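Take a look at the structure below.
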Amino acid sequence: MTRLFDTARVADWWQAREPRERWMVAVMLAALAAFVLWYGAIAPLRQARDDARARHADAVAAVQEIERALARIEASAARLPPPPADDAFATAIVDSAGAAGVAISRQDDGGDGVLVIAIDAVAAPALFGWIDTLRREHGIAPLALQVDKRDGRLRAELRFAPPPA
């Protein structure tokens, strides 16, 4: 069986070379090794480093944008009026719905003071305009909102919790 790499044959071949030839082959092998090292390890590592830097810069920009958005939300929440007391809570919701042209089809007590409002048919701009007005003018926002589309209009169920005492 012949071996692909016979060290004795390589050593004999090496010894048969002149010192000048050995030096040239050694320099050529060193250059080849440097080439393989550069394109096989260093260049890919540099590219990975540059990609990581770009991803890090994108992440830092995203975090800064999120922090600015949170600051705007906190500032907006500070400007909202406090929600009405328990006795005026349901009244404020029902009255504002009527003023916005949103017809409430059912109003139930969901337990623990939660008010459940059902709306059978409403246009999307009217519904979401009412919810936004309710938040801005009364400081009330729904805990949960379930919306279904029916016959080109929306059917919605909203749950509101009274302000903490």
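The values are calculated or read from the model by the stated rules, or taken from the named source; none is laboratory data. Here the structure is a predicted model, which is why all the values come from computation and not from measurement. Glycine gets a Cβ as well: all are built from the backbone with ideal geometry, and neighbour counts include every protein chain shown. Please note that ligands, DNA and RNA were not included when accessible areas were found on the heavy atoms of the full protein model with its side chains. Shrake-Rupley method; radii C 1.70, N 1.55, O 1.52, S 1.80 Å.
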> Of the accessible area of region 7-77, with the probe set at 1.4 angstrom, what percent is carbon plus sulfur?
Replying inline: 66 percent
>> So, R0 is 45 Å and r is the distance between the beta-carbons of ARG49 and THR7; what FRET efficiency does that work out to, to 0.05?
In response: 0.70
>> Using only the alpha-carbon atoms, how far is helix 124-138 inclined from the longest principal axis of the chain? Give it as 0 to 90 degrees, nearest 10.
In response: 80 degrees
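What does the net charge come to around VAL122 if you take all other residues with beta carbon closer than 9 Å to its beta carbon, with K and R at +1 and D and E at -1? Mind showing how you got there, number by number?
Working: positive: ARG153, ARG155; negative: ASP120.
Here the count lands on +1.
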>> On a full-extension model of 0.36 nm per residue, what is the gain between ALA41 and GLU74, subtracting their alpha-carbon distance, rounded to one decimal in nm?
In response: 7.0 nm
> If you take the beta carbon distance between ALA123 and ALA59 as r and set R0 to 25 Å, what does 1/(1 + (r/R0)^6) give as a FRET efficiency, to the nearest 0.05?
Replying inline: 0.05
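Taking N as the number of residues in region 5-118, what is its Cα Rg relative to 2.2 N^0.38 Å?
Working: Rg = 38.2 Å, N = 114, 2.2 N^0.38 = 13.3 Å.
Dividing the Cα radius of gyration by 2.2 N^0.38 Å gives 2.87.
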> With the other protein chains left in place, how much accessible area per residue, in square angstrom, belongs to the chain at a 1.4 angstrom probe?
Replying inline: 73 Å²
> Helix 19-37 versus the longest principal axis of the chain: what is the Cα-based angle in degrees, 0 to 90, to the nearest 10?
Replying inline: 10 degrees
> Using helices alone, what [θ] at 222 nm do you get for the chain, with -39,500 (n - 2.57) per DSSP H run of 4 or more residues, divided over all residues and rounded to the nearest 500?
Replying inline: -19500 deg cm²/dmol
> Which shape class, rounded, prolate or oblate, goes with region 109-165 when its Cα gyration tensor gives a ≥ b ≥ c as root eigenvalues, a/c under 1.5 marks rounded, and past that a/b bigger than b/c marks prolate?
Replying inline: oblate
